[in-house]
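Have a look at the structure below before the remarks.
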Amino acid sequence: MARRTRRSLGAAALTALATGAALLSVPAQAQADAAVTVTPDPSYKQDKFEGWGTSLVWFANATGAYPPAIREKLAKLLFGDDGLALNIARYNIGGGNAPDVKDYLRAGGAVEGWWKAPAGTTRTDTDWWSADDKADWNKDADATQRWWVDRIKNDIDHWETFSNSPPWFMTVSGYVSGGFNANTDQLKADSVGDFAAYLAGATKLLERSEGIKVDTIDPFNEPNTGYWSTRLGADGQPVGGRQEGAHIGPELQQKVLAALPAALKKARVGADISAMDETNPSIFATNWNSYSQASKDAVGQMNVHTYGTGQRTAVRDLAKAADKPLWMSEVEGDWGDGQSFTDMRPGLGLAQQIVNDLRELEPKAWVFWQPVEDYDNMKPGGESAKGGNWGSIQLPFSCTGKDTLQSCPIYTNTKFDTARNFTHFIKPGDRLIKVDDTSSAAAVTKDGKGVSLVHVNSTTAARTVTIDLSKFRKVRSNATVTPTVTSADGKLVRQAPVKVVGGHATYTVPAQSVTSFSVKGVSGVAKNAALFSQGHSYTLTGVQSGKAITVGAGGTKLVIGAANGTVAQKWQLDARYGKAGNRQRYVFANPAEGKRLAVRNNVPVVEPDTGERDPATEWIMSTTGDGTWTLINVATSRVLEVGGQATNEGAAVTTWQPNSGSNQRWRVTDVTP
């Protein structure tokens, strides 16, 4: 979830538009970027996109009892067809502090737990709760967040429940805001079973009371971090942190994952387990790689946040190797200076974040932390002197039942506008495809007869964008491209259609704009678009080493060598398995030895082809569209790399866990005579 103190995304996540200084120093960039050709490629196609979503949590808790006019306007902005048109919602199962603890959490942050404590219970009373005792459950809990569940349930295709902290009586510190040491486990070891039962029981109560079906349940939120700590004042009362959170390290995570399936079965909840909502891809990969196979098998869906952006592609490849769906399940940020509802930088920053997430993670869903933020907390003098732009929509979280839209106004900033360039055009059921431009994302429409492409121009100059449709099998004579532009001059302004001529369409987008291109009249995949063709020969050249994969002198091991055109460096497609697209599995043969490429004991080898299907010989290939690829071995979940980032002739080609290193990326070149 969003951090206790508002902070921008990590440096790796920021684009050139993140600061005013960066935006003002772009004359050379503007000239260099004056024209770009974007080529959407449907030969690399993802599974059906599930959609766009939000967590409910604080904003739902804060506004669930607001006057109807305010709630309805918010609901339409978030879930209405003219608003963000979100179709995924994540319900927060509150932990809840003890009855005798005075509330010290941020506005909206005190989400009510589903337990019912006996009269007189204090923070030191921790042994009273039983999942099997109906008297210990409060079936009427959390009325405000649940108002939202009831209001939007007809708009939602996928429900997920998740936890930020166990209830206070299951924690080491006795508070839901974290431990006194933020880096030690907060869930008590002997409360693992109770925690699993609590999550399952609360999910079941939610399903029954609201008439919904929860599809996935995530027991964690950014668990292996040092964010979550409780601070006490001189009087011994808590003064921070300001939100629910709990450190739960990978070893303890696995114990929860082991306990949860039985708890879900007992509660008769059919949800799959998702995990582990880590704050960034690199920590996610660390956690996941430490899991046993049994723990990985317990997870039906992989969830990651992108508050840090390094190793996005590593998590992408881990998900492909595990053959599990992957969500980008939370992010937010500022992308600007101070609270503003007209500055284009926040909108451009969010748009580029979405593009990068879609290109590098290849997620099945993209989920906001919460598009609604507390106006008072974001204004100057709130959490920072300048204020902030978290949220696409802002209103005070301090309004009362007597307020109106005039006394409790709702504001939208440019993030609201640019987000709609994505949510209105890349829709559930569409399939994201490869794009060779780092400022663009694209998807084939659900019916397969069109394409939606979103392009971000964060520079201060107009840019001519040419869309190259040559990768499609059929481009009709009446094909058109219709731009819809968001800039400082207008929000989602539809332009006149542009005719496709010779498989290309050109349009000049304004400075500091996000443009959605709706392409009609294209379908299929061009014959020459596929990465590999039967009977062709290819070399695989390391991005970091500049040398080609070569069969070593012994005829079994792999090394790198200067490209010389010898048969020992040529690879041919031997077989392919699974549906065409981004998770297709390839088998490669080297004709020099008449053998296929495999991994044995984590070492890549060429071995005799038995003709039998073997996961150790199957490879999934991933790309961000930049012309380079990773090769993921299905049996081991490891990728092909040059060991130790070596560059010398004869250095070993090995395998390792995905880490997004340049020594794990390869250029594929067709060298067929």
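The values are calculated or read from the model by the stated rules, or taken from the named source; none is laboratory data. Not measured: the values here are computed from a predicted model. Neighbour counts are summed over all protein chains in view; Cβ atoms, including those assigned to glycine, are modelled from backbone coordinates with ideal geometry. Remember, those area values only see protein heavy atoms, side chains included, never the ligands or the DNA or RNA. Shrake-Rupley method; radii C 1.70, N 1.55, O 1.52, S 1.80 Å.
Taking the condition of being farther than 23 Å from PRO396 by Cα and free of Cβ contacts under 8 Å to residues at least 24 places away in the same chain, how many residues in region 83-115 meet it?
2
Going through region 87-145 one residue at a time, which ones are among the charged types (D, E, K, R), within 33 Å of the chain's Cα centre (by Cα) and open to solvent by less than 30 Å² (accessible area, probe 1.4 Å)?
Those that are among the charged types (D, E, K, R), within 33 Å of the chain's Cα centre (by Cα) and open to solvent by less than 30 Å² (accessible area, probe 1.4 Å): ARG90, ARG106, ASP142.
Let's see how each residue does on (1) among the aliphatic types (A, V, I, L, M); (2) at negative phi; (3) modelled with pLDDT under 95:
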position: VAL256; (1), (2), (3): yes, yes, no
position: ALA263; (1), (2), (3): yes, yes, no
position: ARG268; (1), (2), (3): no, no, no
position: ASN289; (1), (2), (3): no, yes, no
position: SER292; (1), (2), (3): no, yes, no
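Out of (1) assigned to a loop (DSSP other than H, G, I, E, B); (2) under 17 Å from ALA526 (Cα atoms), the odd one out for ALA443 is which?
Just one mismatch for ALA443, condition (1).
All but one of (1) open to solvent by 10 Å² or more (accessible area, probe 1.4 Å); (2) within 26 Å of SER392 (Cα to Cα); (3) part of a strand (DSSP E or B); (4) not basic (Lys, Arg) hold for THR438, so report the exception by its number.
Every listed condition holds for THR438 apart from (3).
Name the pairs whose Cβ atoms lie under 8 Å apart, with the first residue in region 461-473 and under 12 Å from THR37 (Cβ atoms) and of a type in the set (D, E, K, R), the second at pLDDT below 95 and assigned to a loop (DSSP other than H, G, I, E, B), and 6 or more positions between them or separate chains?
ARG463/ASP33; ARG463/ALA34
Going residue by residue through region 373-381, is there one that turns out to be open to solvent by 10 Å² or more (accessible area, probe 1.4 Å), assigned to a helix (DSSP H, G or I), of a type outside the set (Ser, Thr, Tyr) and over 29 Å from VAL475 (Cα atoms)?
Yes; the residues of region 373-381 include at least one that is open to solvent by 10 Å² or more (accessible area, probe 1.4 Å), assigned to a helix (DSSP H, G or I), of a type outside the set (Ser, Thr, Tyr) and over 29 Å from VAL475 (Cα atoms).
Could you tell me whether any residue of region 630-647 is surrounded by fewer than 20 Cβ atoms within 10 Å (Cβ to Cβ) and of a type in the set (Asp, Glu)?
No: zero hits.
Quickly run through region 585-604 and pick out the residues that are part of a strand (DSSP E or B) and touching a strand residue (DSSP E or B) at 6+ places or on another chain (Cβ under 6 Å).
Hits for region 585-604 are ARG585, TYR586, VAL587, PHE588, ALA589, ASN590, LYS595, ARG596, LEU597, ALA598, VAL599, PRO604.
Quick one: which of SER384, SER398 is under 22 Å from ASN92 (Cα atoms), over 10 Å from the mean Cα position of the chain (by Cα) and assigned to a loop (DSSP other than H, G, I, E, B)?
Checking each option against the conditions leaves just SER398.
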